[in-house]
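A quick write-up on the structure given underneath.
The values are calculated or read from the model by the stated rules, or taken from the named source; none is laboratory data. The structure displayed is predicted, hence computed values, not measured ones. As a convention, Cβ positions derive from the backbone with ideal geometry for all residues, glycine included, and neighbour counts pool all protein chains shown.
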Amino acid sequence: MTTFAASFAGTLGSFALNVSFEAPLTGVTALFGPSGSGKTTVLRAIAGLEHLKGRCALGKLVWQDALHFVPAHRRGVGYVFQEASLFPHLSVRGNLEYGFRRARGQKAIGFDTVVELLGLWKLLERAPERLSGGERQRVSLGRALLSQPRLLLLDEPMSALDRNAREEILPYFEALHKALSLPIVLVSHDIAEVERLASYLLVMNAGHIAAAGPLNDMLVSGKLPFRQGRDAAAVLAATVSGYDAEDGLGALDLAGQTLLVAGKAGEIGETVRVRIAARDVSLAVERPSQTTILNVLRATITDIELLAGGADANVSLAIGSQALLARVTRRSLRLLDLAPGREVYAQVKGVSLLTGPGA
Amino acid sequence: MLSFAELWPPVALTLALASVTTLILMLIGTPLAWWLATSRSRYKNVVATLVALPLVLPPTVLGFYLLLLLGPNGPGGLIARLWEGRTLAFSFPGLVIGSVLYSMPFVVQPIRNSFEALGPRPLEVAASLRAGPLDRFLTVAVPLARAGFLSGAVLGFAHTVGEFGVVLMIGGNIPGQTKVLSIAIYDYVERLEWGNAHILALGMVVFAFLVIYLTMSIDKRLGRIRL
């Protein structure tokens, strides 16, 4: 598999920035971390907008090493800034065409395709100042896509938007990857956004990479803080296997077991992602009968972690090759005599379907 | 006594001088303003101060040094010899050189201000959209700084029309060659020809009013940068 590899060193305010990572060129890689941890600086260095010491290569294409520094305009990266930053002197069409005209050779991403994908038909002749925040960010995304980028960089593209605008634009970001199969690096400090969009996660802290790996490994891994919080969750990949129109339930195949979700999940055979919150998973040692809970999955306990300062524990479960997290009380652990290696039944009370890229 | 034939040459000369000066100033002022707005050179402030000097210096001081530079014994004299002349002083090219230096801060400052007001973001966006340095300067920086260009051009033109001291020092008062409006008015007053002085003076007042009024209305529409 080709990868995107980068290592940068420099100073960032009061601390040193020193990162080195490799990420798959398929799917969405999230650069996650608190504000001021250096995420944006790394993204800018990848784009060539910042010149740090180091190396940066997309597959075999070297953008920066000890001898070379390819300037931003020759890298072919699309960059969507936190604020849409549309050119105020050009119409929406003029903005979209700016990069499109300057792209050379075969244009794989067509003007009409992008306008259609992002729902921009009605906005083309408008001036940027007459757009809503969400519309602006959609144009900005379209403009970046039309420059025919090899890599798309998104710098917290939704953080400047209010909740409604964010909900309005998220589906476009989700549709993006599926429609264009373009590698994407997303900077975010919002784990909910990352869960919805990303398939690979780089965790940044104080100028260095604290952890890196596939999204779900990171979410359920005992070494990272994600699973400590109230909103700990797992994101699993499943295959659409059917739809029951009468009950309005979609069926997914998860390592040979069936998971039901509300609504039609997609075309049969399509890979989708589901998010299951740890608090929505309870455990039983025997297959429960006579319950309103539809989803009961056979799983093996791989790890148990008692959470400090409370009555709760995290139980890591394996279903096939994927991991699930259950939040249960310590008392239940003791009463049911649960321990790693034991086979249990996970009752899943809530499943949310993420329409983003397959993991 | 009030004759068009007598009044027109100074007006025409003034308009020609102001037009040529403004054109030259836009050509050299734009890159200079860009450099002042974006450079991190330590000489930046020295250059900015030199450009701004005419704001503070009495025009006669600038005129005095220009007279030495342009005269037969200065570099101006050497250049004048190329076309069999003796000096650049007391000639139209000499007036242009003086006006360019004298009006430069009025052109460079507004353009520099509007370049600085852009910030780096629009140019970074253009770079990420595959536009090279000159391309993004011409298609992003210049159109976005148009209010600054307009203010600069109008101020440069108007200021050249209104200058007196420098012109008197290096141009003298040669009808048709260096006798510009402001000097003509001075001349008429000296000779007690109040009628002619009135016409030219009132004309200048109307001109100044129109220039400032127009600039203000256009500026309002472009929405930035005031006079």
Looking only at region A:24-44, how many residues end up being part of a helix (DSSP H, G or I) and not polar (S, T, N, Q)? 4
Just one of the numbered conditions (1) free of Cβ contacts under 8 Å to residues at least 24 places away in the same chain; (2) surrounded by fewer than 19 Cβ atoms within 10 Å (Cβ to Cβ); (3) away from chain A (no Cβ under 11 Å) is not true of B:Gly172; which one? (1)
Region B:74-95: number of residues that are modelled with pLDDT under 80 and of a type in the set (S, T, N, Q): 1
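Could you look through region A:56-83, keep only residues that are among the hydrophobic types (A, V, I, L, M, F, W, C) and within 12 Å of chain B (Cβ to nearest Cβ), and pick out the one that is farthest from A:Val187 (Cα to Cα)? Quick ask: steps written out before the conclusion?
Initial filter on region A:56-83 (among the hydrophobic types (A, V, I, L, M, F, W, C)): A:56-58, A:61-63, A:66-67, A:69-70, A:72, A:77, A:80-81.
This time we only want the ones that are within 12 Å of chain B (Cβ to nearest Cβ), so: A:70, A:72, A:77, A:80-81.
Values: A:Val70: 22, A:Ala72: 18, A:Val77: 15, A:Val80: 10, A:Phe81: 10 Å.
Within region A:56-83, the match that is farthest from A:Val187 (Cα to Cα) is A:Val70.
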Look at region B:92-139 and say how many of its residues are surrounded by 21 or more Cβ atoms within 10 Å (Cβ to Cβ), polar (S, T, N, Q) and either touching a Cys at 6+ places or on another chain (Cβ under 8 Å) or within 14 Å of another protein chain (Cβ to nearest Cβ) (or both). 2
Looking only at region A:158-182, which residues are closer than 21 Å to A:Ala103 by Cβ and crowded, with 22+ Cβ neighbours inside 10 Å? A:Leu176
Among the residues that make up region A:42-61, is at least one of them over 21 Å from A:Ala210 (Cα atoms) and basic (Lys, Arg)? yes
A:Leu17 meets each of (1) away from every other protein chain (no Cβ under 14 Å); (2) under 22 Å from the mean Cα position of the chain (by Cα); (3) surrounded by 19 or more Cβ atoms within 10 Å (Cβ to Cβ) with one exception, condition (2)
Residue satisfying all of: in region A:84-104; under 26 Å from the mean Cα position of the chain (by Cα) and more than 8 Å from every other protein chain (Cβ to nearest Cβ); nearest to A:Ala165 (Cα to Cα) among these: A:Ala84
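From the set of residues in region A:199-209 that are hydrophobic (A, V, I, L, M, F, W, C) and at pLDDT 90 or above, which is surrounded by the most Cβ atoms within 10 Å (Cβ to Cβ)? Quick ask: steps written out before the conclusion?
Pass one, region A:199-209, residues hydrophobic (A, V, I, L, M, F, W, C): A:201-204, A:206, A:209.
With at pLDDT 90 or above added as a condition, the list becomes A:201-204, A:209.
Working: A:Leu201: 27, A:Leu202: 24, A:Val203: 20, A:Met204: 24, A:Ile209: 19.
Among those residues, the one meeting the criterion is A:Leu201.
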Looking for something in a strand (DSSP E or B), touching a residue at least 24 places away in the same chain (Cβ under 8 Å) and in contact with a Lys or Arg (Cβ under 7 Å, 6 or more places away or on another chain) - is there at least one such residue anywhere in region A:257-271? yes
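Looking at region A:312-332, which of the residues that are of a type outside the set (A, V, I, L, M, F, W, C) and within 18 Å of A:Arg275 (Cα to Cα) is surrounded by the fewest Cβ atoms within 10 Å (Cβ to Cβ)?
Step one: of region A:312-332, the residues of a type outside the set (A, V, I, L, M, F, W, C) are A:312, A:314, A:316, A:320-322, A:327, A:329-332.
Checking which are within 18 Å of A:Arg275 (Cα to Cα) leaves us with A:314, A:316, A:320-322, A:327.
Values: A:Asn314: 19, A:Ser316: 22, A:Gly320: 13, A:Ser321: 7, A:Gln322: 19, A:Arg327: 19.
My answer is A:Ser321.
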Applying the selection to region A:39-55, what residues are within 11 Å of chain B (Cβ to nearest Cβ) and charged (D, E, K, R)? A:Arg44, A:Glu50
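Go over the candidates A:Thr26, A:Thr11, A:Thr2, A:Thr41 one by one and state the one that is of a type in the set (Val, Ile, Thr) and either modelled with pLDDT of 90 or more or within 19 Å of B:Leu129 (Cα to Cα) (or both).
Working: A:Thr26 fails: either modelled with pLDDT of 90 or more or within 19 Å of B:Leu129 (Cα to Cα) (or both); A:Thr11 fails: either modelled with pLDDT of 90 or more or within 19 Å of B:Leu129 (Cα to Cα) (or both); A:Thr2 fails: either modelled with pLDDT of 90 or more or within 19 Å of B:Leu129 (Cα to Cα) (or both).
Only one candidate passes the filter, namely A:Thr41.
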Spot the failing condition for B:Gly63; the list is (1) of a type outside the set (A, V, I, L, M, F, W, C); (2) over 25 Å from B:Gly172 (Cβ atoms); (3) in contact (Cβ under 8 Å) with a residue 40 or more places away in the chain, and only one is missed. (2)
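Among the residues of region B:98-132, write down those that are among the basic types (Lys, Arg) and assigned to a helix (DSSP H, G or I).
Taking region B:98-132 as the starting set, the residues that turn out to be among the basic types (Lys, Arg) are B:112, B:121, B:130.
Result: B:Arg112, B:Arg121.
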